[in-house]
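Remarks on the structure that follows.
Please treat every number below as a calculation from the coordinates, not as lab data. These numbers come from a predicted model, not from an experiment. Using ideal geometry, Cβ is built from the backbone for each residue, glycine included, and neighbour counts are taken over all protein chains shown.
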Amino acid sequence: MRGHVVFRASRNAGEREKHCQRQPSESNSFTALAEHELYREFLRPVRWPHAVSRFTGFLSFRYYRNALTLSQGTLLDISPRLRWKLDRLKEQMSGFFGGGAKENPRPKLCPACGTLVGATATKCHQCGASLTFGMAAASRSLGRLMPTTSPATYGILTLSCLLYGVSLLATIRTTGFQAPAGGGFSAIMSLGAIGGRVLQQLGASLPWPIDLFQPWRLIMATFLHGSFLHIGFNMWVLMDVGPQLEEMYGSARYLFIYVVTGIGAYLLSGFVGHFSIGGSGALLGLIGVLMAITTNRRSASMQMLRSQLIRWLIYIAVLGFFMSGVDNSAHLGGFVSGFGLGKIMVDRAPSSPEEWKRANLLGWATGLVVAASLGMVAFGVLRAG
């Protein structure tokens, strides 16, 4: 805060007038008036505090009086507080229009191999992966939007539930809300049942050669379900088995395994001549992969897992033979496909840059195929409607 010095004026105003003996000349020129004012203010003998006070007052008075005729000198300094406010306002306006101070670039990790690279590098010196655009960089960007643990499993769960919700709304729109038919266990099984025509429009698997001419049905049938109990049981098994395999193989290769085993399941189902839907074929494929992993493994944990999987297979086989509407052909096709993939693929996550490239390629190719299948179904529904 600035301090101010205040000088008290003379007690007797007449004392000041006694010292002003010089009178201005008769001419009213600016020079004469200025000479008279200078004499009155500074040349008369007064005490120095009064002279300083009159000097400052004279400057301020003459500053505004002669603003149009005399030079005003340099700009006056502003207060530190006002300067700080102006600087903050300038920074805010610069940041709003994309300018302002920017942080110095920092080193980053290669999304493919995890090597530390320079801040301005565009290509990894270890594996050669592009740092600006590529499958590895896109996978890392997509991973920020997905759950940190088991993102592919949660993605399959979400897509299956969304499609079930869409199919249920479409069924209610076409046939209205209907109470479960029959009684007892049949009524429970038919709770939230989906109409056959709706499932056919959304991509249910059909007998050959329809599936061969409309291959997207082999993929879409894996994500469709016929009732509330159907999707509930399948998603329960998915959340029980899926995260283990996803942690073992990695999210990209796990998604590839799930979709491929589902395709294998409905290839055999369509060949037999069934109208079929559900994720149970792909789930049997996951169990087949685990069976292939535990084969010829002598550790106690692997033997325990193998025994548990065998019990699962027995339960599923019994339900398939004693319950109507269970597609055992799809279960068999999915299990055989999964067992074959389990023997071919290495049962661990990618470790080298080449393995990461192949894994990302498989994952993105599988995702694009699923997206294209959804697009074909949407196109067919819009065309039919």
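Points worth noting:
- Debye log10 I(q)/I(0) at q = 0.10, 0.12, 0.16, 0.18 Å⁻¹ for region 152-384, Cα point scatterers: -0.46, -0.66, -1.15, -1.41
- Inter-label distance, nm, simple model (7 Å from Cα along the C-beta direction), MET239/PHE322: 2.7
- Taking 0.36 nm per residue of sequence separation and removing the Cα-Cα distance, the LYS85/TRP208 pair yields an extension gain of 36.7 nm.
- In this structure, LEU361 and LEU116 have a Cβ-Cβ separation that, at R0 = 22 Å, corresponds to a calculated FRET efficiency of about 0.35.
- Inter-probe distance in nm under a simple model that places probes 7 Å from Cα toward Cβ, at LEU169 and ARG197: 2.0
- Relative exposure of MET220, MET248, judged by other C-beta atoms within 10 Å (fewest first): MET248, MET220
- Region 152-384, relative contact order [Cα under 8 Å, separation at least 6], %: 24
- Modelled spin labels at ARG383 and PHE275, positioned 7 Å past Cα toward Cβ, are 2.1 nm from each other.
- Mean-position separation - Cα centroids, region 249-272 and region 322-343, in angstrom: 10
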